[in-house]
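Colleague: The following block contains the structure, expressed as structure tokens.
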Amino acid sequence: MTTGVHSVPGLPLLGSFFEYRRDKIGFLSSLRDDGRPLTAFRLGKHNITLLKRPEDLIHVEHRNAKNYHKATMLRDLVGDGILMSDGEKWRKQRRLIQPRFHPSSVAALEGLMNRKIDDFIRVLADRSKTQDHPIEIGMALKKMVFEIILEALFGEVDHGDFSELQEPMEFMNFFLTYRFNELFPLPLSLPLPRYLKFQKARREIDRVIYRYIERKKKEIRSGRAGVDLLTQMIQSVDTDTGIGMDELQLRDETVSILLAGFETTGNLLSWILVNLGSHPAVLGRLIKEIDSDIGSSVPRAENVLALSYLSCVMDETLRLQPPVWAWTKRALGEDSLGDYRIAKGQILFLSPYLVHRDPRLWRDASGFDPDRWTQELREKTKGAYFPFGMGPRTCVGRHFAVLEAKLIVVRLLQSFEYRISEGNIPEPEFRITLGLKTPLHVFLKPRRNHA
């Protein structure tokens, strides 16, 4: 026998909007900890059910994933690429794109990543000559990550295109959060200041992307095709239909990769530095592992992926600060989660941030402890640990992000001693991605025999 889900009381028309808006994590954590398997709340006209149990998350994201599609209204903002599509269209897109992000394909980008990191290290070394002056490193990390993903996508990139694309992409990320949190979304065609700025940002992004699509097609026709991701997507053909991607789909996939690929990894790197800077013993142990296994040589992909303690540090950072902290799904048909009925059209709220910090599932749930990541724990955390999602919708670019982040952390710790500016431990900012509320300032000092 199934029963309905308990719903918290709220205001007419608004529901729990003000509680959510004032302190979303405090509000959602109170629902997580209310002793019920599922709890529903209302934001405006949307009735939303918070998932808490690992078995329910596995059911929705894996066992019965075909019954649940993305519930956001952001498709009109970023297009219908792999980030937002569902159903058969998503499966076709996944088949075309997934080989480009296979671990072996990602490892081939190691040279590009190390070249960009070299440039980054040189800039930091110049800026750190005044040892008592802290450096803002968070935005610098995002800029480097953005340059890496642009060159991976487009190959040789015109210098002006980095700045021409980065600012509108950053505004796009901001506007996605703004749009997601609108209680009563208005038509984007209205001449409101933020809507107009978004339209301008989208035009600027499209102008650059379509220019590269045309450039890559000309290179293919002339027999000068490169090995960049965009060229590979243009040449991809679905094995079932024999059809490739049209220009709109190429644009949408490119926007999806850019959105998913730079803000998330940039934030992850900042959080790794925050966690290491706040735990000197962990930092010292990681430096010892790097010095012992790699020394001062330029690391290869296989070198950094073999660093076991670095993997523990990254897994623990992904537990406490997952790059995408929450998302929503909509039920296409009726279903049940244990004894509870899920109606057709019901919106479900899934949050790795909340589940990863659930004291019922994790010892010292809010503490930073890389040593927790034993093989036994890894086998026990199915459904309770999903920083890249789970099931068929697991992030297609996770191998790229992990290799990129590990290379950058290793190169930074090979090159510099660092400490966080006193009193500068940033608080989290819950946008579409999990960012930092304030800039991250660090003191850097070149390491002898390593810089």
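Read the figures in this text as sums done on the coordinates, not as results from a lab. Not measured: the values here are computed from a predicted model. Backbone-built Cβ (ideal geometry, glycine too); neighbour counts: all protein chains shown.
Colleague: Treating only the Cβ atoms of Lys and Arg (+1) and Asp and Glu (-1) as charged, compute the dipole magnitude of the chain about its Cα centre; round to the nearest 20 debye. Please list the in-between numbers first.
Modeller: Working: 66 positive and 58 negative charges, 134 e Å.
Here the size comes out at about 640 debye.
Colleague: How high is the relative contact order of the range 17-446, in percent, counting Cα pairs under 8 Å that sit 6 or more residues apart? Intermediate results must be reported in sequence, preceding the final value.
Modeller: On the way: 558 pairs, mean separation 112.4, N = 430.
Answer for the range 17-446 is 26 percent.
Colleague: Within 9 Å, Cβ to Cβ, of residue 358, how many net charges do the neighbouring residues add up to if Lys/Arg are +1 and Asp/Glu are -1? Write out the running numbers ahead of the final one.
Modeller: Details: positive: 32, 52, 357, 360; negative: 33.
Neighbour charge sum, excluding residue 358 itself: +3.
Colleague: If you don't mind, there's one more thing I want to ask. Which value, in debye to the nearest 20, gives the size of the charge dipole of the range 288-345 about its Cα centre, when Lys and Arg are +1 and Asp and Glu are -1 at the Cβ?
Modeller: For the range 288-345, the charge dipole is close to 400 debye.
Colleague: Shifting gears a bit: Taking neighbour counts of Cβ atoms within 10 Å as a proxy for exposure, in what order, fewest first, do 126, 291 appear?
Modeller: Working: 126 8, 291 14.
Least to most surrounded, the residues fall as 126, 291.
Colleague: Which is the longest part of the chain that has none of the GluC sites (Glu not before Pro) sitting in a DSSP loop with at most 13 other Cβ atoms within 10 Å?
Modeller: Numbers: sites that count: 156, 182, 334, 422.
Counting only loop sites that pass the neighbour cut-off, the longest clear stretch is 1-155.
Colleague: Moving to a separate point now. Take the eigenvalues of the Cα gyration tensor for the range 98-256, scale each by 5, and report the square roots as semi-axes in whole Å, largest first. Spell out each step's value before the answer.
Modeller: Values: eigenvalues 165, 145, 40 Å².
Each semi-axis is √(5λ); the values are 29, 27, 14 Å.
Colleague: Still on this structure: Where does the charge balance sit around residue 335 when Lys and Arg score +1, Asp and Glu -1, over other residues with C-beta under 10 Å from its C-beta? Intermediate results must be reported in sequence, preceding the final value.
Modeller: On the way: positive: 341, 344; negative: 334.
Taking every Cβ under 10 Å from that of residue 335, the sum is +1.
Colleague: Right, next: Fewest first, what order do 292, 128 take by the number of other Cβ atoms within 10 Å? Display every interim value, and only then the final one.
Modeller: Numbers: 292 9, 128 21.
Ordered from fewest to most neighbouring Cβ atoms within 10 Å, 292, 128 come out as 292, 128.
Colleague: Here is a further query. For the range 17-446, what number results from the quotient of the Cα radius of gyration and 2.2 N^0.38 Å? Show your work: numbers first, answer last.
Modeller: Details: Rg = 21.8 Å, N = 430, 2.2 N^0.38 = 22.0 Å.
Taking the Cα Rg and dividing by 2.2 N^0.38 Å, one obtains 0.99.
Colleague: Continuing with the same structure: Report the net charge of residues surrounding residue 15, where surrounding means a beta-carbon distance below 12 angstrom and charges are Lys +1, Arg +1, Asp -1, Glu -1. Could the numbers behind the result be given before it?
Modeller: Numbers: positive: 21, 42, 45; negative: 19.
Net local charge, residue 15 excluded: +2.
Colleague: Please arrange 271, 362 by counting, for each residue, the other beta carbons lying within 10 Å of its beta carbon, fewest first.
Modeller: Sorted ascending by nearby Cβ count, the order is 362, 271.
Colleague: Just want to confirm a number: the relative contact order over the range 209-273, from Cα pairs under 8 angstrom separated by 6+ residues, in percent.
Modeller: Numbers: 31 pairs, mean separation 16.8, N = 65.
Answer for the range 209-273 is 26 percent.
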